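Here the structure is laid out as structure tokens; the discussion comes afterwards.
The values are calculated or read from the model by the stated rules, or taken from the named source; none is laboratory data. Quantities reported herein were computed from a predicted structural model and do not represent experimental measurements. Here the Cβ positions follow ideal geometry from the backbone for every residue, glycine too, while neighbour counts run over all protein chains shown. We work out accessible area using only protein heavy atoms, side chains counted, and drop any ligands, DNA or RNA first. Shrake-Rupley method; radii C 1.70, N 1.55, O 1.52, S 1.80 Å.
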Amino acid sequence: MKKILLVSGCSWCDPGFKSDHHPNMWTKWPKWPEILAEKLDMKLINLGRSGAGNEYISSTILEKIMSMSEEERNNIGLVIPAWSKIFRRDYQVTTTTSSMKPDMWWSLRWDTHGDIFYLARRFLRHVFFLQTFLENYNIPYKSVQTMSIYKVNNWEKQHMVM
């Protein structure tokens, strides 16, 4: 049985990524989780989603692991949270309508509440809580920062709502 590579992150992980900035761009290339899983000869569980923030990233990893059997948890070879920008805000909506999945995640690109220090502390809490959880279960992990934590590029500045 192959070991499991479990990842979560933003569009850099999302196999179904579509560019907002370049909507006609072809984006079907293999993303880094697929390439890494192949190189490590591991079974990939990819929870990445375009626009995801750090709450989504830490929560989906935690929830996925908690939904696994003990045998599956013991078969995790590596967990990689691919952290996003601190400005992003995630939230869940529980619904039973046919057009949406129950407990669907939504993300805002800009959390307009709190200041930069709050946003940085919130990010570090997610990192610390997930790290502590993984260490408690003796699950190997490597954290990566796939986007600048707080740097804003020109395209984002044009679309900022603050």
Original post:
What pairs can you find where one residue is in region 7-22 and closer than 14 Å to Leu44 by Cβ, the other is open to solvent by 40 Å² or more (accessible area, probe 1.4 Å) and modelled with pLDDT under 80, and their Cβ atoms are less than 7 Å apart, with a gap of 6+ or different chains?
Top reply: Gly9/Thr146
Original post:
Could you give every pair whose Cβ atoms fall below 7 Å, whose first residue belongs to region 31-53 and is on the phi > 0 side of the Ramachandran plot and surrounded by 17 or more Cβ atoms within 10 Å (Cβ to Cβ), and whose second residue is among the polar types (S, T, N, Q) and outside any helix (DSSP H, G or I), counting only separations of at least 6 or pairs across chains?
Top reply: Gly51/Ser11; Gly51/Ser107
Subject >> Where Ser59 falls short, out of the listed (1) over 23 Å from Leu5 (Cα atoms); (2) open to solvent by less than 40 Å² (accessible area, probe 1.4 Å); (3) among the hydroxyl-bearing types (Ser, Thr, Tyr) >> reply: (1)
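Inspect region 91-104 for any residue being outside any loop (DSSP other than H, G, I, E, B), open to solvent by 40 Å² or more (accessible area, probe 1.4 Å) and either among the β-branched types (Val, Ile, Thr) or at pLDDT 85 or above (or both) and give the result as yes or no.
Taking region 91-104 first, the residues outside any loop (DSSP other than H, G, I, E, B) are 91-93, 104.
Next, from what is left, pick out any that are open to solvent by 40 Å² or more (accessible area, probe 1.4 Å): 91-93, 104.
Next cut, either among the β-branched types (Val, Ile, Thr) or at pLDDT 85 or above (or both) only: 93.
Yes: region 91-104 contains one or more residues that are outside any loop (DSSP other than H, G, I, E, B), open to solvent by 40 Å² or more (accessible area, probe 1.4 Å) and either among the β-branched types (Val, Ile, Thr) or at pLDDT 85 or above (or both).
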Original post:
Here are some conditions: (1) assigned to a loop (DSSP other than H, G, I, E, B); (2) modelled with pLDDT under 95; (3) of a type outside the set (Gly, Ala, Ser). Asn138 meets all but one. Which one does it not meet?
Top reply: (2)
